[in-house]
1. Between A:His185 and residues 5 or more places away or on another chain, which pairs have amide H atoms under 5 Å apart, with H built 1.01 Å from N, and which residues are they?
2. Within the set of other residues whose C-beta is less than 13 Å from the C-beta of A:Arg259, count the net charge using Lys and Arg as +1 and Asp and Glu as -1.
3. Give me B:Met72, B:Met197, B:Met222 sorted ascending by neighbouring Cβ count inside 10 Å, so fewest comes first.
4. Could I have the simple spin-label model distance between A:Ser217 and A:Lys153, label points 7 Å from Cα toward Cβ, reported in nm to one decimal?
5. Between B:Leu181 and A:Val169, with labels modelled 7 Å along Cα→Cβ, what's the label distance in nm to one decimal, could you check?
6. How long is the range B:75-232 along each principal axis, judged by its Cα atoms, biggest number first, in Å?
7. Express in whole angstrom the spacing between the alpha-carbon centres of the range A:115-148 and the range B:116-135.
8. Among residues other than A:Thr85 whose Cβ falls under 10 Å from its Cβ, what is the net charge (Lys/Arg +1, Asp/Glu -1)?
Amino acid sequence: MPSMIEVKGLTKYYGEHAAIHDLNFAIDRGEVIGFLGLNGAGKTTTLKVLGCVLLPTAGQVTVDGIDIARDPHEIRRRIGFLPDTPPLYSDMTVGRYLTFAAELRGVPGAEAGKAVAEAEEKTATREVDGELISSLSHGYRQRVGVAQALVHKPKLLILDEPTSGLDPVQIVEMRQTIHLLKGEHTILLSSHILSEISQTCDRLLVIQHGEIVAQGSEQELASSLGGGGTIEVEVAGPSARAIEAARTVAGIGEGTVLREGDGIALISLQGAPDLRPKVARALVQNGIDLLRIDRGAARLESIFLKLTAGPPQ
Amino acid sequence: MSATLLIARRELGAYLRSMTGYVIAAAVLIINGLLFNAFALGGPDKLSAEVLSLFFYFSSGTTIIASVFISMRLLAEERQTGTLVLLTSSPVHDWEIVLGKFLSAFAFLAIITLATVYMPALIFVNGKISFGHLVAGYLGLLLLGSATLAIGTFGSALARTQVLAAIFSGCMVVALIVCWLLAKVTERPLQDVFVSMALHGKHFPPFQSGTVHLRDVVYYLMVTYIALFSATRVMEARRWR
């Protein structure tokens with residue numbers, strides 16, 4: 001069975017400017033892929049091409065084995081697309097809007113009600129079914145945006161910044177919604193919130209200046225960058241002694257002091273998170289009071305910063 | 001239901017739910033009523049047929065202006081608010097989007113136009129007019145409205161904002177109306193070209209006086225087709241940009 005998405009040499013020009021250049025990647029069925037990149041890196045353009053909203057300048061894209069240039073109409077039946085701004089008609093109620101979206105995507109009128117109810121169930125929007133979209137909060141609007149993307153049960157869901165502008169509670173709710181959708185759909189989502197990508201996605205695609213600069217799981221990316229991850233330790237006492245003690249463990253690299261004051265130091269150590277028990281023992285054996293030890297919280301951030309640190313082309 | 005009818009139904013609902021739709025309808029009916037009272041009924045005594053002819057003449061002007069305002073939002077507003085993506089990412093052809101939008105605007109204009117029927121009814125009750133004259137006049141208004149709305153749809157496809165769409169459409173409509181004046185100051189064969197292109201001066205007066213010529217019907221249908229075809233091409237071209 002072919003991959004859900006296969007992209008070969010995808011290029012898109014806006015006038016003289018290449019928004020994306022020679023992209024190559026594949027996404028298997030059922031995967032949840034995080035699409036990472038700075039503003040203007042080419043994420044939205046790529047997602048719009050995959051969503052059949054824009055046509056590519058060059059390259060080949062197949063979705064579910066169908067060539068995007070040959071039969072975009074057929075591909076649109078198999079995808080659900082949430083753009084960065086949810087395409088909501090504010091003068092409609094949620095229920096009528098979702099029914100319209102379902103029928104537009106080919107759900108027969110008699111089955112549209114059931115499809116809408118299921119989509120509302122998955123996105124927790126059932127209670128606002130009769131409300132005007134203009135009266136909804138930002139969080140609900142985002143969820144209705146996701147509901148319209150999945151109301152026709154597409155094989156592929158493309159979500160561009162689904163958590164954009166949400167507060168922390170709404171982000172958690174959206175993450176739960178995406179977790180619920182896992183398995184039923186192949187999901188490609190972009191986000192600026194790295195912790196969300198880290199917790200939601202199986203694999204990452206990192207785009208920079210219109211080119212894919214890395215792809216793989218978070219662990220694979222960390223390993224390929226030579227870091228193998230980081231460990232964060234909080235100790236009572238001078239940081240230099242703690243770093244010296246921790247580095248006696250094989251596999252632990254350089255230590256960076258993140259914060260120091262009032263006799264307490266927060267240190268980030270280069271090394272695989274699996275080494276945490278050994279580091280803890282080493283610190284205790286050297287007479288250092290260990291207050292906390294954890295996997296590096298900023299791991300994905302540091303990977304992202306390393307990958308996107310290159311100069312603009 | 002086909003995608004075209006789905007889009008047309010949604011869009012018509014949007015007109016009927018919006019304040020703008022009611023403002024346009026109210027403005028057309030008030031202006032039509034005032035012009036009818038002041039010029040068609042007022043002045044020296046006239047035959048009923050002349051009064052009806054004047055009614056259609058004034059109505060043609062308000063139909064053209066209303067069409068530009070009704071159609072300016074069709075695609076430009078969707079692009080402005082970002083909702084066009086819902087349609088362009090759905091399994092719907094661009095021509096279905098354009099046709100659905102156009103049909104909704106046409107249905108709304110038809111409702112407004114038919115709401116003016118009380119004025120001819122007054123002439124019918126108090127004078128003597130033929131039913132054929134009435135039908136021909138309204139057919140002319142709807143055909144003129146269809147052509148102007150299609151031009152407006154094309155303008156709305158070109159523009160990024162509603163105001164720009166109204167300006168584009170207004171310019172195109174005025175250019176086609178001015179063809180009639182240009183025909184008067186040019187010589188053949190250029191004159192024939194201008195005459196055949198004139199949106200109002202050449203093709204509407206027969207309807208106004210109760211006569212239906214196939215050439216006039218074909219002209220308005222052709223303008224409608226060409227404008228909608230162009231709007232579809234603009235939509236398709238935007239996917240490449």
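1. Close amide H contacts, sequence-distant or interchain: none at all.
2. Residues close to A:Arg259 contribute a combined charge of -3.
3. The fewest-first ordering by Cβ neighbours comes to B:Met222, B:Met197, B:Met72.
4. 3.1 nm
5. A separation of 6.3 nm, rounded to one decimal place.
6. 54, 44, 26
7. Each part's Cα centre sits 51 Å from the other's.
8. Neighbourhood net charge equals -2.
None of the figures in this text is laboratory data; all of them are computed from the coordinates on show. Being a predicted model, the structure only gives us computed values, none of them experimental. Please note: Cβ atoms are built from the backbone with ideal geometry, for glycine as well, and neighbour counts cover all protein chains shown.
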